[in-house]
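Here's the structure, in structure tokens; my notes come after.
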Amino acid sequence: MDYKIFRIINQLAGRYSVLDMLMILISNKVRYLFAFVLILMWFRGYSQRKVTVYAVISVTFTLLIKMLIQCFYFKPRPFMKRRVGILIPSKMNSAFLSTHMLLTTAVSTSIFLHERVIGAVMWGLSLLTGFSRIWVGHHYPSDIIRSLFISSLTSIIVEKVFGPLKIMNRKT
């Protein structure tokens, strides 16, 4: 089932050059937009600075989880086992979990928990990033969904654990 869904999306790669360029752009560059949004939020005031701190903590824990999982589990990328359309070169590391999806979802979930409108837009960009990673031939849909789940859960846990600790208390 995972491969069938992958094929449905990935077989579109190479057919529409404008969409291919857009998917490559999203796949490679959207994560920098997330960093830019966090930098902007840092300078917008105390409450948004706090969101930035939670997002950075979430990203850190999410990447640590990924490193831990990859010590024990390796899943080949789609192009390593099958002949698939690949639009951009990729590392030959494990497809499980998608680093791009982990980063974007951890940030967007952290933002969404505090700022619904910006968070919803960021979530949309996260989903588009995951779709683009399938389009360019780097990940299976299950890799994207699991990455989305793990990073969202990590962001929620970080919020629940660090929220009561009153990180960055405002000085009166």
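The values are calculated or read from the model by the stated rules, or taken from the named source; none is laboratory data. All of these numbers come straight from a predicted model, not from anything done at the bench. Here Cβ is always computed from backbone atoms with ideal geometry, including for glycine, and neighbour counts include all displayed protein chains. Areas reflect the complete protein model, heavy atoms only, side chains present, ligands, DNA and RNA absent. Shrake-Rupley method; radii C 1.70, N 1.55, O 1.52, S 1.80 Å.
Of the cross-linked pairs 4/29; 4/66; 29/160; 29/50; 29/91, those separated by over 23 Å at the C-alpha level are 4/29; 4/66; 29/160; 29/50.
The angle between the Cα long axis of helix 17-42 and the main principal axis of the chain comes to about 10°, on a 0 to 90 degree scale. Relative contact order of the range 1-156: 35 percent, from C-alpha pairs under 8 Å at least 6 residues apart in sequence.
Taking 0.36 nm per residue of separation and subtracting the Cα-Cα distance, what length does fully extending residue 32 through residue 115 add?
Values: separation 83, 0.36 × 83 = 29.88 nm, distance 1.95 nm.
Taking 0.36 nm per residue and subtracting the Cα distance, the gain is 27.9 nm.
Scanning the chain for trypsin sites (Lys or Arg not before Pro) lying in DSSP loops with no more than 10 further Cβ atoms inside 10 Å, the longest uninterrupted stretch between such sites is 92-165.
Accessible surface area normalised per residue over the chain is 56 Å², counting heavy atoms of protein chains with a 1.4 Å rolling probe. From the Cα gyration tensor of the range 122-163, with a ≥ b ≥ c the square roots of its eigenvalues, which class applies: rounded if a/c is under 1.5, or else prolate if a/b is larger than b/c, or else oblate? Judged from the Cα gyration tensor, the range 122-163 comes out prolate (a/c at least 1.5, a/b above b/c).
Heavy atoms only, probe 1.4 Å: what % of the accessible area of the range 109-151 goes to carbon and sulfur, would you let me know? Reported share for carbon and sulfur atoms: 78 percent. Taking the helices alone, the chain has a mean residue ellipticity at 222 nm of -24000 deg cm²/dmol, built from -39,500 (n - 2.57) per DSSP H run of at least 4 residues and averaged over all its residues.
In summary, the aspartates and glutamates within cross-link reach of residue 75, defined as a Cα separation below 20 angstrom excluding same-chain residues under 8 places away, comprise 2, 143.
Which is the longest stretch in the chain that no exposed loop site breaks, taking sites as chymotrypsin sites (Phe, Trp or Tyr not before Pro) with a DSSP loop state and at most 12 other Cβ atoms within 10 Å? Mind showing how you got there, number by number?
Details: sites that count: 16, 43, 73, 74.
Longest stretch, sites excluded: 75-172.
For the range 1-112, the Kirkwood hydrodynamic radius comes to 16.1 Å, computed from all pairs of different C-alpha atoms.
Keeping the other protein chains in place, figure out the carbon and sulfur percent of the accessible area of the range 1-63, with a 1.4 Å probe.
Numbers: 2680 of 3820 Å².
That share works out to 70 percent.
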